[in-house]
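Let me begin by presenting the structure, written as structure tokens, before commenting on it.
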Amino acid sequence: MRVLIAGASGLIGSALGDRLLRDGHEVRRLVRREARGGGEFRWDPPSGTIAAGALEGVDAVVNLGGKPLFPGRWSAMRKQELTDSRVEPTEVLAEAVAEHGIGVFVNASAVGYYGNPGASTVDETAPRGQGFLAELCEAWEAATASAGDARVVNIRTGLVLSAKGGLYGTLRPLFQLCLGGRLGDGRQYMPWIALDDEVGAIVHVLTHDVSGPVNLTGPEPVTNAEFTRAVGRALHRPAPWWVPGFALKAVLGQAGEEMALFGQRAVPAVLERSGYAFRHPTLDSALAAA
């Protein structure tokens, strides 16, 4: 299979590219700077241009791009930047997929689509929730509409656990200094997934007849309080602290509320029905791998 990846330099994109190469596939990468060879092709989403030859003979396109949601407050300008960095490139790629008759388009999204459903379990049939992240994910997924006859998969990713970055990469040094603790009341659910399974699940949807939204989360979501205790166990450190919800909202505004206090008890129903077997089905296993 010949796969073109946008966002190939990020945590997930780098790991995905390595996995595909190990499996014997050909990987091409879209970059915003000058291409340096080795399968790189320059593109410029604002102008809608992609270097000649990038999509020739490609079997699947994977779009993992988008500016980081955190850190910082979400001003109106910041929200627009976050939206533009996701929706515009997706539209460009979807149109290119249709134009070149590419069979598969896998597009990033997030479990933030579900808003803050509390303790209710949500699978891919659940409706869109409330909040900026939910609206952003809806627009992001809608941008794939022009992909023509391609099989489109919107991967709603949870919190990816890896020592190289993401949530755990940020928390690990804090916990090692015994500065870990729960956020707010700790009852909000955290839909985690090991990096190995994030990548494995993307390869799975590339090679299996799966379409529509797919939750990329571990099969056993936990609350923030449970997650905090598990990280403490994994690092053999106490996690005695508590950050009040009002403090997070005071310092970070809506970003603090939605990123830290909203939670989704999201489960990977589509993945499991399609036969995907998790390498790390429990949080303790995922943390040990990280």
*Among the residues of segment 177-195, count how many are farther than 23 Å from Pro244 by Cβ and modelled with pLDDT under 95.*
0
*Scan Val111, Val104 and give me the residue that is within 16 Å of Ser211 (Cβ to Cβ), surrounded by 17 or more Cβ atoms within 10 Å (Cβ to Cβ), of a type in the set (Val, Ile, Thr) and touching a Lys or Arg at 6+ places or on another chain (Cβ under 9 Å).*
Val104
_All positions within segment 178-205 that are surrounded by 21 or more Cβ atoms within 10 Å (Cβ to Cβ) and under 15 Å from Ala60 (Cβ atoms)_ = Val199, Ala201, Ile202, Val205
_Looking only at segment 1-26, how many residues end up being of a type in the set (D, E, K, R) and either in contact (Cβ under 8 Å) with a residue 12 or more places away in the chain or under 21 Å from Leu93 (Cα atoms) (or both)?_
4
*Which members of segment 252-287 meet the condition of being over 30 Å from Ala76 (Cα atoms), hydrophobic (A, V, I, L, M, F, W, C) and in a helix (DSSP H, G or I)?*
Ala269, Val270, Leu271, Leu283, Ala286, Leu287
_Candidate set from segment 237-251 (those that are part of a helix (DSSP H, G or I) and either small (Gly, Ala, Ser) or in contact (Cβ under 8 Å) with a residue 12 or more places away in the chain (or both)); member that is farthest from Asn224 (Cα to Cα)_ = Ala250
*Test for Pro213: is it buried (at least 18 other Cβ atoms within 10 Å of the Cβ) and within 24 Å of Phe132 (Cβ to Cβ)*: yes
*Can you name the residue in segment 149-174 that is modelled with pLDDT of 95 or more, in a loop (DSSP other than H, G, I, E, B) and of a type outside the set (A, V, I, L, M, F, W, C) and is also surrounded by the fewest Cβ atoms within 10 Å (Cβ to Cβ) among such residues?*
Asp149
*Look through segment 55-101, keep the residues that are under 19 Å from the mean Cα position of the chain (by Cα), among the hydrophobic types (A, V, I, L, M, F, W, C) and within 22 Å of Ser211 (Cα to Cα), and return whichever of them is surrounded by the fewest Cβ atoms within 10 Å (Cβ to Cβ).*
Val87
*Counting only residues that are in contact with a helix residue (DSSP H, G or I) (Cβ under 8 Å, 6 or more places away or on another chain) and either more than 11 Å from Trp140 (Cα to Cα) or at pLDDT below 95 (or both), how many does segment 103-113 have?*
4
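The values are calculated or read from the model by the stated rules, or taken from the named source; none is laboratory data. This structure is a prediction, so every number in the text was calculated from the model and none was measured. As a convention, Cβ positions derive from the backbone with ideal geometry for all residues, glycine included, and neighbour counts pool all protein chains shown.
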